[in-house]
Amino acid sequence: MADLEYQVSDGIGTILLNRPKRKNAFTMEMIDEWAAAIRSARFDPEVRVLVLTGAGDAFCSGVDLDAFTSGEKSVLDHKTVLTDRIHQVALALEDLDKPVIAAVNGVAVGAGMDMALMCDIRFVGESARLSEGYVRVGLVPGDGGCYYLPRLVGTAKALELLWTGDFVDAKTAVDIGIASRCVPDAELMDETYAFARRLADGPPVAIRAIKRTVYQSARTDLRTSLDLISSHMAVVQSTEDSAEAMQAFKEKRKPEFRGR
């Protein structure tokens, strides 16, 4: 079996980290495949939603340190491994305007937590535990934790978690804004796919425009955001899906969206 599996079914793409004996710690080869799967989802009209999860009893324990530290490396080598390899996933997700859901089962540590944070929303199983554990091995967050975490929980709480490496349990993750839902472990994937199915059945052009607007608005002023949404609204209103939604509403039936 492959260390990372990607499959598409009925509008939903799934990336499965598949090294359960290593708590799904990722290798450089997995990173390349991971980023390639995201890029594939971006341009595949059959994919409307992307789900990320881990096999076994863990989401992801971060980078495989044996693979990461093997051999003698220069300062430039260490930087390049991050910028040219590991950061591929964050940058590929930055370009993806389709919904991305992380189903966090078990531990998500270090870069594993960062990989969950860079998704749009997170559903966690009751046994999930998350930690920005870099500081406990004398490192700084290398995969975006200092960027994503403050945007979810605020600066002070993010610094607390980054400075201590403390674990956050599933309920606390919801309470402080890291996760959207906490569900029993046995129901995690059903709950995740039910929500993904709901989004996949929605109007894809509008859903993608909403995602773009939310993220772009976080970096712009009000007038720029309103100007952007007026353009998105004009485009969305011109689509067949918009006309179908209006007609279905009038006829009191479920709309059928075609993504155009």
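Assorted remarks:
- Considering residues of the stretch 203-227 that are under 13 Å from residue 97 (Cβ atoms) and open to solvent by less than 60 Å² (accessible area, probe 1.4 Å) only, the residue nearest to the chain's Cα centre (by Cα): 211
- Residue match in the stretch 149-164 (condition: open to solvent by 10 Å² or more (accessible area, probe 1.4 Å), of a type in the set (Ser, Thr, Tyr) and under 14 Å from the mean Cα position of the chain (by Cα)): no
- Residue under evaluation residue 255, criteria (1) closer than 23 Å to residue 13 by Cα; (2) part of a helix (DSSP H, G or I); (3) more than 26 Å from the chain's Cα centre (by Cα), criterion not met: (2)
- Where a residue in the stretch 87-114 is under 26 Å from residue 45 (Cα atoms) and assigned to a strand (DSSP E or B) and its partner, wherever it lies, is aromatic (Phe, Trp, Tyr) and modelled with pLDDT under 95, with Cβ under 6 Å and at least six apart: none
- Only listed residue being part of a helix (DSSP H, G or I), aromatic (Phe, Trp, Tyr) and surrounded by 15 or more Cβ atoms within 10 Å (Cβ to Cβ), chosen from 249, 195: 195
- Screening residue 119 with (1) part of a loop (DSSP other than H, G, I, E, B); (2) farther than 24 Å from residue 31 by Cβ gives one miss only, at (2).
- Filter result for residue 137 (open to solvent by less than 60 Å² (accessible area, probe 1.4 Å), closer than 19 Å to residue 23 by Cα, among the β-branched types (Val, Ile, Thr) and assigned by the TED database to the domain that holds residue 96): no
The values are calculated or read from the model by the stated rules, or taken from the named source; none is laboratory data. What you see is a predicted model, and the numbers here were worked out from it, not measured in a lab. A quick note on method: Cβ atoms are made from the backbone with ideal geometry, for glycine too, and the neighbour counts reach across all protein chains shown. The accessibility values were calculated without ligands, DNA or RNA, using every heavy atom of the protein model including side chains. Shrake-Rupley method; radii C 1.70, N 1.55, O 1.52, S 1.80 Å.
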